[in-house]
Amino acid sequence: MKLVLGRDDLAAAAASSAREAGAEPERVGIKPVHKASRGFVNRSDVDLCELAIVTVLQALAHDKPVLLLPVTTLGRHQHQTLVTTGELSVADVEGHSIGVRAWSQTTGVWVRGFLTEQYGVDLRKAHWTTYEGHHVEGAEDPAWVQRAPEGTKLPADFLAGQVDFGIMGNELPSDDRIRTAIDDAHAVAEQWSKDQGFIPVNHVVGVSEAAAAQYPEAVLAAYDAMRSVLVAKEEAGRPFPLHPVGFEALRGAFTKAAAYALEQEVIPRAVDYDELVERTCAALDVSPARLGG
């Protein structure tokens with residue numbers, strides 16, 4: 001049973017519990033962790049894999065054998081990830097160029113959703129550039145999005161002024177010229193979460209249909225172990241969990257991300273969260289309540 005998890009604490013807990021349940025877990029070290037997604041989704045190279053939430057949605061929309069183990073490995077606010085180096089602001093997005101690593105990158109999906117929903121931006125009136133393809137075979141960029149020349153990278157293009165705005169999370173370069181395009185981005189993000197009832201989710205855990213059939217007890221044990229780690233580390237006093245666990249706890253984030261993804265042509269059809277819940281529960285032969293549903 002092969003596992004790809006970016007966090008050492010979650011990986012250790014999942015492996016230990018899966019072993020106790022009778023499996024022989026092996027942690028596969030792939031960094032950054034998103035590079036494991038393509039093999040997992042399209043070829044089931046590993047059994048349990050940390051995935052971006054949008055990758056899960058794309059996998060479901062393209063009928064890939066991917067199920068959701070409802071554990072959040074990365075959650076964070078996102079408004080601060082829209083950046084610029086000039087005097088432009090979020091009001092200037094239309095008519096200007098924006099770079100994003102991939103059209104299906106979850107950070108980009110969240111930010112574009114904010115742009116349309118909160119700021120009335122027509123995404124098709126901005127000039128979008130992507131630098132990588134999708135993890136899910138069959139997914140394509142919309143016709144109104146251009147691909148950067150092979151070998152170019154967003155951080156370098158952004159600092160060189162080749163794009164006016166960038167959407168960058170972990171890949172944001174260190175440069176004193178960079179500033180957020182949304183004023184008081186963190187305060188805006190906090191208010192958005194209060195209005196929505198959740199903090200945006202980036203990464204969750206996927207399990208292959210084959211692994212669910214072969215190791216159901218080990219998969220469930222891994223879920224229980226990861227849940228225990230995250231619940232124990234949740235910060236007291238936070239209005240919403242940063243790492244929600246369980247189907248119901250993730251419903252808001254998945255439903256909102258799915259709506260944004262459909263609007264942005266990231267997925268080819270509407271995705272109903274309950275479809276994902278039902279498929280997972282059927283494969284593991286459990287009720288939704290077993291996984292916090």
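The values are calculated or read from the model by the stated rules, or taken from the named source; none is laboratory data. Here the structure is a predicted model, which means the values were calculated and not measured. Neighbour counts are summed over all protein chains in view; Cβ atoms, including those assigned to glycine, are modelled from backbone coordinates with ideal geometry. With ligands, DNA and RNA removed, areas are computed over all heavy atoms of the protein, side chains included. Shrake-Rupley method; radii C 1.70, N 1.55, O 1.52, S 1.80 Å.
Subtracting the Cα-Cα distance from 0.36 nm times the residue separation, let me have the gained length for Asp9 to Glu217 in nm, one decimal.
That works out to 72.8 nm of additional length.
Let me spell out the model: positive unit charges on the Cβ of Lys and Arg, negative unit charges on the Cβ of Asp and Glu, origin at the Cα centre of region 147-293. What dipole size does that give, in debye rounded to 20?
In total the dipole reaches around 180 debye.
When the chain is treated as a GNM, springs tying every alpha-carbon pair under 10 Å, which of Ser17, Ser208, Ser228 comes out with the largest mean-square fluctuation?
Ser228
Report in % the part of the accessible area of the chain that belongs to carbon and sulfur, leaving out ligands and nucleic acids; probe 1.4 Å.
Using a 1.4 Å probe with all protein chains present, the chain comes out at 47 percent carbon and sulfur.
Using only the alpha carbons of the chain, determine the length spanned along each of the three principal axes and report them from longest to shortest in whole angstroms.
So the extents along the principal axes, rounded to whole Å, are 58, 43, 34.
Can you tell me the dipole magnitude for the chain around its Cα centre, using point charges on the Cβ only (Lys, Arg +1; Asp, Glu -1), in Debye to the nearest 20?
320
Given 5 Å bins starting at zero, what is the percent of C-alpha pairs of region 1-67 in each, up to the one with the largest pair distance?
That works out to 4, 18, 28, 22, 17, 9, 2, in percent per bin.
Would you work out which of Ala187, Ile267, Pro288 lies farthest towards the positive end of the dipole of the chain, given +1 charges on the beta-carbon of Lys and Arg and -1 on that of Asp and Glu, about the Cα centre?
Farthest towards the positive end: Pro288.
Determine ³J(HN,Hα), in whole Hz, for all residues of region 20-29 in sequence, where each value follows from phi through the Karplus function 6.51 cos²θ - 1.76 cosθ + 1.60 and θ = phi - 60°; x replaces Gly and Pro.
Ordered by residue, 3J(HN,Hα) equals 5, 8, x, 8, 10, x, 9, 7, 9, x Hz.
Charges at C-beta only: +1 for Lys and Arg, -1 for Asp and Glu. How large is the resulting dipole of region 61-190 about its Cα centre, in Debye rounded to 20?
About 200 debye.
So what are region 1-152's ellipsoid semi-axes, whole angstrom, largest first, if each one is the square root of 5 times an eigenvalue of the alpha-carbon gyration tensor?
Values for region 1-152, descending: 34, 17, 13 Å.
Could you please state, rounded to a whole Å, how far the C-alpha centre of region 1-50 is from the C-alpha centre of region 148-163?
32
Taking only pairs that are 8 or more places apart or on different chains, how many Lys pairs in the chain have Cα atoms under 17 angstrom apart?
Final tally of qualifying lysine pairs is 4.
How long, wide and thick is region 125-166, going by the Cα atoms along their three principal axes, in whole angstroms, largest first?
The Cα atoms of region 125-166 stretch 32, 26, 14 Å along their principal axes.
Could you list log10 I(q)/I(0) for region 72-183 at q = 0.11, 0.16, 0.17 Å⁻¹, which the Debye formula gives when each Cα is one point scatterer?
Relative scattering, expressed as log10 I(q)/I(0), comes to -0.32, -0.69, -0.79.
Which percent, nearest 5, of DSSP beta bridges in the chain are antiparallel?
Antiparallel bridges make up about 55 percent of those DSSP assigns within the chain.
Quick check: convex hull of the Cα atoms in region 87-149, volume per residue, rounded to a whole Å³?
94
In whole angstrom, how long is each semi-axis of the equivalent ellipsoid of region 214-267, when you take the square root of 5 times every eigenvalue of its Cα gyration tensor and sort them from largest down?
Each semi-axis is √(5λ); the values are 26, 20, 7 Å.
Considering all projection directions equally, how large on average is the shadow of the alpha-carbon convex hull of region 178-223, in square nanometres?
With every direction weighted equally, the projected area is 5.8 nm².
At each listed q (0.12, 0.16, 0.22 Å⁻¹), what is the log10 of I(q)/I(0) that the Debye formula gives for region 61-120 modelled as equal alpha-carbon point scatterers?
Log10 of I(q)/I(0), two decimals: -0.42, -0.67, -1.04.
Which value in Å does the Kirkwood hydrodynamic radius of region 126-235 take, with 1/r averaged over all unlike C-alpha pairs and then inverted?
Hydrodynamic radius (Kirkwood, Cα pairs) of region 126-235 is 18.5 Å.
Between Leu172 and Arg147, what is 0.36 nm times their sequence separation minus the Cα-Cα distance? Round to one decimal in nm.
Working it through step by step, the gained length comes to 7.0 nm.
Please state the Cα pair-distance histogram of region 157-293 with 5 angstrom bins from zero: what percent is in each bin?
Result returned by the calculation: 2, 8, 13, 16, 17, 15, 12, 8, 5, 3, 1.
Can you order the peptides 3-15, 259-271, 58-70, 105-117 by their average number of other Cβ atoms within 10 Å per residue, highest first?
So the peptides 3-15, 259-271, 58-70, 105-117, ranked by packing, come out 105-117, 58-70, 3-15, 259-271.
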